[in-house]
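Take a look at the structure below.
A short reminder: the numbers here are calculations on the coordinates, not readings from a lab. It should be emphasised that the depicted structure is a prediction, and the values quoted were computed from it without experimental measurement. As a convention, Cβ positions derive from the backbone with ideal geometry for all residues, glycine included, and neighbour counts pool all protein chains shown.
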Amino acid sequence: MKIADFIKDFEEWANPAWQDSWDNCGWQIEPGVLNEEAGVLVCLTPTLAVMHEAIALRSKGIPVNLIFAHHPLIFSAPKSLRSGNPITEMARLSFTHNIGVYSAHTNFDQVQDGTADVLAQILELQEVTPVVPTQSGLGYGRVGTLKEAITLENLLATIQIKLNPPNLLFSPSVDLQQSIQKIAVLGGSGASFISAVVKTKAQVYLTSDCKFHQFQESRDKDLILVDAGHYATERPACQRLVEKFQSLKLSFVQLSQKDEDFRVFYQ
């Protein structure tokens, strides 16, 4: 399948026109690869480490010509391109080695089997609906119920096992033995959705990038906030993309091994 057809098929499922107003989905760098057979390296964040990984694969004869990322490389238009700047270096290497960079961000967040749906499936939630609907059946976040209620302690243990976050934060002064059945999830930075989650009557909200006062806000609204980190809550959706792409006739598809969690916790 040629890259142009691959991207066309993807955009019929997760249209870039659905992106949030501040976002920058779609092509980040297109060095002239549209008519080539698609060889795809999937990652969460398009960094120089991922680009060097793609180049290394090419040096071994593996036909990688597209980095397919969740996060955009470019959020706002750069005013200049100078040597040493990461975006400049990404562009230079992209054109030198003929490797494109494409992003599916808030459009991918909303769709079935997108970032939120994958988290809901990992927790085996049932009767799942969007926290904030945007169109028929789609939207930001997911809320659903467990088949059987479990204790908060067991839920936290399940999240730790299934997402393997380096540090799991949760609301203070909670009873770890309380019964939990209704849960909301949103991969990545989900603190701005706290009020919407409260309206769903969810008991627990799993997301990431929450600040001190947002934990206070959640506690005051009787919502247990669980922060598993940006990487841990979105990386599983990248694996799901790989599985989806493997069903297509691509010359190569693989999940990046150089994707990075930019936070390290001192033990």
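Work out how much length I55 to Q177 would gain on full extension: take 0.36 nm times their residue separation and subtract the Cα-Cα distance, in nm to one decimal.
Details: separation 122, 0.36 × 122 = 43.92 nm, distance 5.02 nm.
Taking 0.36 nm per residue and subtracting the Cα distance, the gain is 38.9 nm.
By the gyration tensor of its Cα atoms, with a ≥ b ≥ c the square roots of the eigenvalues, what is the shape of the stretch 164-216: rounded for a/c under 1.5, prolate for a/b over b/c, or oblate? If you can, show how the numbers build up before the last one.
Numbers: a/c = 1.38, a/b = 1.07, b/c = 1.29.
Taking the square roots of the gyration eigenvalues as a ≥ b ≥ c, the stretch 164-216 is rounded.
If I take R0 = 22 Å and measure r between the Cβ atoms of S251 and A4 in this structure, what FRET efficiency does the formula 1/(1 + (r/R0)^6) give, to the nearest 0.05?
On the way: r = 14 Å, r/R0 = 0.65.
Calculated value: 0.95.
Only Lys, Arg, Asp and Glu count, each charged at its Cβ (+1, +1, -1, -1), so figure out the dipole size of the stretch 1-112 about its Cα centre, rounded to 20 debye.
Numbers: 7 positive and 12 negative charges, 108 e Å.
Taking the Cα centre of the stretch 1-112 as origin, the dipole is about 520 debye.
How far is helix 3-13 tilted off the main Cα axis of the chain, in degrees rounded to 10, range 0 to 90?
Computed tilt is about 20 degrees.
Per residue, how much space in cubic angstrom lies within the convex hull of the C-alpha atoms of the stretch 96-167?
On the way: hull volume 9.7 nm³, N = 72.
So the per-residue Cα hull volume is 134 Å³.
First check a/c for the stretch 1-82, with a ≥ b ≥ c the square roots of the eigenvalues of its C-alpha gyration tensor; if it is under 1.5, answer rounded, and if not, answer prolate when a/b is larger than b/c or oblate otherwise.
Working: a/c = 1.94, a/b = 1.19, b/c = 1.62.
Oblate is the answer for the stretch 1-82, as a/c is 1.5 or above yet b/c matches or exceeds a/b.
Just how large is the dipole of the chain about the Cα centre, in debye to the nearest 20, putting +1 at every Lys and Arg Cβ and -1 at every Asp and Glu Cβ?
340
Give me a comma-separated list of calculated 3J(HN,Hα) values for the stretch 100-105, in order, Karplus coefficients 6.51, -1.76, 1.60 applied at θ = phi - 60°, integers in Hz, x for any Gly or Pro.
Residue by residue, the stretch 100-105 yields x, 10, 10, 10, 10, 10 Hz.
For the stretch 201-206, take each phi angle, set θ = phi - 60°, evaluate the Karplus expression 6.51 cos²θ - 1.76 cosθ + 1.60, and give the result in whole Hz per residue in order, putting x for glycine and proline.
Whole-Hz 3J(HN,Hα) from phi for the stretch 201-206: 6, 5, 8, 10, 10, 9.
Is there a quick way to get the dipole size of the stretch 75-214? I mean about its Cα centre, with the Cβ of Lys and Arg at +1 and of Asp and Glu at -1; what is the value in debye to the nearest 20? All intermediate terms of the calculation are to be shown ahead of the outcome.
Details: 10 positive and 10 negative charges, 95 e Å.
Roughly 460 debye, rounded to the nearest 20.
Cα-based Rg of the stretch 32-165 per 2.2 N^0.38 Å, rounded to two decimals? Could you put the intermediate results ahead of the total?
Working: Rg = 19.2 Å, N = 134, 2.2 N^0.38 = 14.1 Å.
Normalised Cα radius of gyration, the stretch 32-165: 1.36.
Which angle from 0 to 90°, rounded to the nearest 10, does the C-alpha axis of helix 48-59 make with the longest principal axis of the chain?
With both axes taken from Cα atoms, the answer is about 50 degrees.
Name the trypsin sites (Lys or Arg not before Pro) in the stretch 34-120 that are in a loop by DSSP and that have at most 15 other C-beta atoms within 10 Å, would you? Please list the in-between numbers first.
Details: sites: R58, K60, K79, R82, R92; in loops: K60, K79, R82.
Those that pass, being in a loop and sparsely packed, are K60, K79, R82.
At 4 °C and a viscosity of 1.567 mPa s, what translational diffusion coefficient does Stokes-Einstein give for the stretch 111-232, taking Rh as the Kirkwood radius over Cα pairs? Give it in µm²/s as a whole number.
Taking Rh from Cα pairs, D becomes 92 µm²/s.
How far is the Cα center of the stretch 221-267 from the Cα center of the stretch 17-91, in Å?
Their Cα centres are 17 Å away from one another.
Amide H to amide H under 5 Å from V253: which residues, 5+ apart in sequence or cross-chain, H placed 1.01 Å off N in plane?
V40
Please give me, ordered by residue number, the trypsin sites (Lys or Arg not before Pro) of the stretch 113-205 that lie in loop per DSSP and have at most 16 other Cβ atoms within 10 Å. All intermediate terms of the calculation are to be shown ahead of the outcome.
Details: sites: R142, K147, K162, K182, K199, K201; in loops: K201.
The qualifying sites are K201.
Give me the one-decimal nm value for the distance between modelled label points at T96 and A17, 7 Å along each residue's Cα-to-Cβ direction.
3.9
Set Lys and Arg Cβ to +1 and Asp and Glu Cβ to -1, take the dipole of the stretch 3-105 about its Cα centre, and tell me which of H70, S59, I3 lies farthest positive.
The Cα lying farthest towards the positive end belongs to S59.
Assuming R0 = 25 Å, can you tell me the calculated FRET efficiency for the pair L48 and S192, based on Cβ-Cβ distance, to the nearest 0.05? Write out the running numbers ahead of the final one.
Numbers: r = 30 Å, r/R0 = 1.18.
With a Förster radius of 25 Å, E is 0.25.
Just need the Rg to Rh number for the stretch 136-197, please, alpha carbons only, Kirkwood Rh.
Working: Rg = 12.8 Å, Rh = 13.3 Å.
The Rg/Rh ratio comes out at 0.97.
In deg cm²/dmol and to the nearest 500, what is the mean residue ellipticity at 222 nm of the chain if only DSSP H runs of at least 4 residues count, each as -39500 (n - 2.57), divided by the residue total? Intermediate values should be presented prior to the final figure.
Details: 9 runs with 92 residues, N = 267.
Value at 222 nm, helices only, nearest 500: -10000 deg cm²/dmol.
Report Rg (one decimal) and Dmax (nearest whole number) for the chain, counting Cα atoms only, units Å.
Rg and Dmax of the chain, Cα atoms, are 19.4, 57 Å.
Obtain the nm distance between the two label points defined at E127 and D261 by a simple spin-label model: each point lies 7 Å from its Cα along the Cα-to-C-beta direction.
3.3
What are the ³J(HN,Hα) couplings of the stretch 69-82, residue after residue, when phi is run through the Karplus curve with 6.51, -1.76, 1.60 and θ = phi - 60°? Round to Hz, x for glycine and proline.
My calculation for the stretch 69-82 gives 10, 7, 7, x, 6, 10, 9, 10, 5, x, 8, 7, 10, 10 Hz in order.
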